[in-house]
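Here is the structure we will look at, set down as structure tokens.
The values are calculated or read from the model by the stated rules, or taken from the named source; none is laboratory data. Because the structure is predicted, anything quoted here is derived from the model rather than measured. Counting neighbours? That spans all protein chains shown, and the Cβs are built from the backbone with ideal geometry, glycine included.
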Amino acid sequence: TDRYCVFGHPVGHSKSPAIHAAFAAQIRDDIDYTAIEAPLDDFAGAWWRFVAEGGHGANVTVPFKEEAFRLCDTLSKRARRAGAVNTLIVGSNDASTDRKVYGDTTDGIGLVHDLKRHGVELAEARILVLGAGGAVRGVLEPLLAEGPASLLVANRTAAKAEALATDFRDLGEIAGGGFEAVDGPFDLVINGTSTSLAGDLPPLPDDLFARDATAYDMMYGPEPTVFLRWAAERGAQTIDGLGMLVEQAAESFFQWRGRRPDTAPVLEMLRQAL
Ligand code: ATR
């Protein structure tokens, strides 16, 4: 039985063990996936202990994604851009001798897969992304790779959004600014701020959405977030971040096991349990 885990702090409420157990059961794969709360001051120590005990790979969540990035020997292109890693793989040749660590970030591709699953057209779309923290940095490359007409990053601290736009400028039509610079309409608005956690909403103009627009919140919960309720009142299709969670997990699972699980039944299971 190959061993995997998710590292976080706290990690008790992580849905990753249930998701990966469901994936493995679906394809009759045999893996052991647990949750490990690494100490805040020694993520690397926890990781190497796990490897020494035969661990094959791991997911990494808050607050260790940047530290995981720093301990990798090799990084995917998108992880290097994101400056963060959510998927660790121990060298694949012979786990007993090859302890090289490969890092990837699957959050962005997870978001893109979830949007496509919902039929959202990204090519030529006018996209607005709210927020400029780690969550947003992690999704910009896969979004730009879809060839949107434009991508505006808007943030409470305008300078952070401007810096992000500069960092990704070579990949496509991207601009950054404060919320006051938001000038619609947009076909897709993605909320990557943490305002939903506080039941809050960034200040946004009323005419934000184009016809047939989609509003996506990276957060999720048993009830729609304030942002999604606000968007629904203005006629947008609304999607919460539970699908992104399952899709990023599926991409990690694929990297480890070489097979793609069907995400739909797993998403349904999680939705029922919210
Ligand atoms: P994460 O890793 O989840 O992205 P983060 O890096 O702390 O977390 O980023 C949080 C994001 O939510 C930031 O874009 C932050 O805006 P600032 O850069 O101006 O801090 C945004 N955010 C948090 N609280 C907010 C609020 N009350 N109103 C608007 N934006 C908020």
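Answer yes or no: is there a residue in segment 109-116 that is within 25 Å of Phe209 (Cα to Cα), within 12 Å of the ligand (Cβ to nearest atom) and modelled with pLDDT of 95 or more.
no
Which fully enclosed helices (runs of 4 or more DSSP H) of segment 193-274 have 3 or more residues being in the same structural domain as Tyr33 (by TED's automatic domain parsing) and surrounded by 15 or more Cβ atoms within 10 Å (Cβ to Cβ)?
In segment 193-274, 242-257, 263-273 are the helices (runs of 4 or more DSSP H) which contain 3 or more residues that are in the same structural domain as Tyr33 (by TED's automatic domain parsing) and surrounded by 15 or more Cβ atoms within 10 Å (Cβ to Cβ).
Go over the candidates Val182, Val153, Val129 one by one and state the one that is in contact (Cβ under 8 Å) with a residue 40 or more places away in the chain, within 25 Å of Asn86 (Cβ to Cβ) and among the aliphatic types (A, V, I, L, M).
The unique qualifying residue is Val129.
I want to confirm something. Restricting to segment 178-192 and keeping residues that are of a type outside the set (Gly, Ala, Ser) and in a loop (DSSP other than H, G, I, E, B), which single residue is nearest to the ligand (Cβ to nearest atom)?
Val182
Among the strands (runs of 3 or more DSSP E) lying completely within segment 23-106, list those that include at least 3 residues that are surrounded by 15 or more Cβ atoms within 10 Å (Cβ to Cβ), more than 23 Å from the chain's Cα centre (by Cα) and touching a residue at least 24 places away in the same chain (Cβ under 8 Å).
On the way: elements: 31-37, 55-60, 87-90, 101-104.
Fully inside segment 23-106 and qualifying: nothing.
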